[in-house]
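Just so you know, all these numbers are worked out from the coordinates, no wet-lab data involved. It should be emphasised that the depicted structure is a prediction, and the values quoted were computed from it without experimental measurement. All Cβ positions, glycine included, derive from the backbone under ideal geometry; neighbour counts span all protein chains shown.
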Amino acid sequence: MREERARIPPGQVVTRKWPVLHHGDVPRVDLATWTFRVWGLVEEPRTWTWEEFQALPRERVRVDIHCVTRWSRLDTEFEGVPARVLLDAAGALPEARHVLVHAEAGFTTNLPLEDLLRENVLLADRADGEPLTPEHGWPLRLVVPHLYFWKSAKWVRGFELLHEERLGFWERNGYHRRGDPWKQERYWDD
Ligand SMILES: Nc1nc2c(c(=O)[nH]1)N[C@H]1C(S)=C(S)[C@@H](COP(=O)(O)O)O[C@H]1N2
Ligand SMILES: [Mo]
C-alpha cells in the first residue's frame, strides 16, 4: 500500500471508522432561525438563511482528514458550498488577513484567510452521500482538509474577517495557530 502510505502525514494512523470528537454537547439547532453570517473586514456584511444557503452553488470533494489526536481517515466525500463563494459574496477588504470561524455555543477556530480560499474548503451539509449527522456537525460544518481537523468547525455559523490574528478555542488551549499536518504543527510551540 505504498500509495496510501504517501497520503498519511507523519505520526498519523489510518482509521476506517469516523471518530466523533468535540468539546461540550451536540447543540440543538433550529433551521427556521439558523443563519450563516460573514462580517468584519468586508465590503458588505452578509447573512444567509438556511433556504438561501441551499440555493448557493455546490461542489463535491473527496478528501483525507487528519485529527491532531493522530487518526487519519482517507477518502471522505463531502458536499456543500465552497467557502470562497460566501467570502466573494461579502467581498473581503484588502486589509483582511485572518478569519475567526464562529460555531454554535461560542466555539471558535482561527485561520489565515488564504487557507479558507483554498481548493476543497467547503461548508458541507453532506458526507459520504448522506446528510451530516448531528454529532458530525449537522446542519453545517466547515471542512478544511489541508489542516488538522480541529479547524473544521462543526455546527458552523459564520466567518469574522480580521486584520490581526485572533486565536480560537483550541488554539487558546495549546494547539498550533495554523495546524499543518505535514509539518506536525500540533501544539503552539511545534
Ligand atoms: N463546534 C465544534 N467543532 C469542532 C470541534 C469542537 O469542539 N466544536 N472539535 C474539532 C475537532 S478537535 C475535531 S478532530 C473535529 C472532529 O470532527 P468529527 O467529530 O466529525 O470527526 O471537529 C472539530 N470541530
Ligand atoms: Mo481533533
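Taking label points 7 Å from Cα along the Cα-to-Cβ direction, Arg37 and Asn173 give a separation of 2.4 nm. In straight-distance terms, cross-link reach from Lys17 covers every one of the lysines whose alpha-carbon lies under 23 Å from its own, apart from those fewer than eight places away in the same chain; here that gives Lys151, Lys154.
Only beta bridges with both residues in the chain are counted; by DSSP, about 85 percent of them are antiparallel.
Quick check on the stretch 108-190: take the gyration tensor over C-alpha atoms, sort the square-rooted eigenvalues as a ≥ b ≥ c, and tell me if it's rounded (a/c under 1.5), prolate or oblate. Prolate, because a/c is 1.5 or more and a/b exceeds b/c. Compute the FRET efficiency between Leu117 and Val13 as 1/(1 + (r/R0)^6), taking r as their Cβ-Cβ distance and R0 = 45 Å, and round to the nearest 0.05. Step by step, r from the Cβ atoms, then E = 0.90. Could you work out the local net charge near Glu160, counting Lys and Arg as +1, Asp and Glu as -1, over the other residues with Cβ closer than 9 Å to its Cβ? Residues close to Glu160 contribute a combined charge of +2.
With 0.36 nm allotted per residue and the present C-alpha distance subtracted, the Asp128-Asp30 stretch has 32.9 nm of extension available. Over the residues of the chain, the helix contribution to mean residue ellipticity at 222 nm works out to -2500 deg cm²/dmol, using -39500 (n - 2.57) for each DSSP H run of at least 4. As I understand it, the dipole of the stretch 4-153 uses +1 on the Cβ of Lys and Arg and -1 on the Cβ of Asp and Glu, about the Cα centre. Which of Ala83, Trp48, His66 lies farthest toward its positive end? The listed residue farthest towards the positive side: His66.
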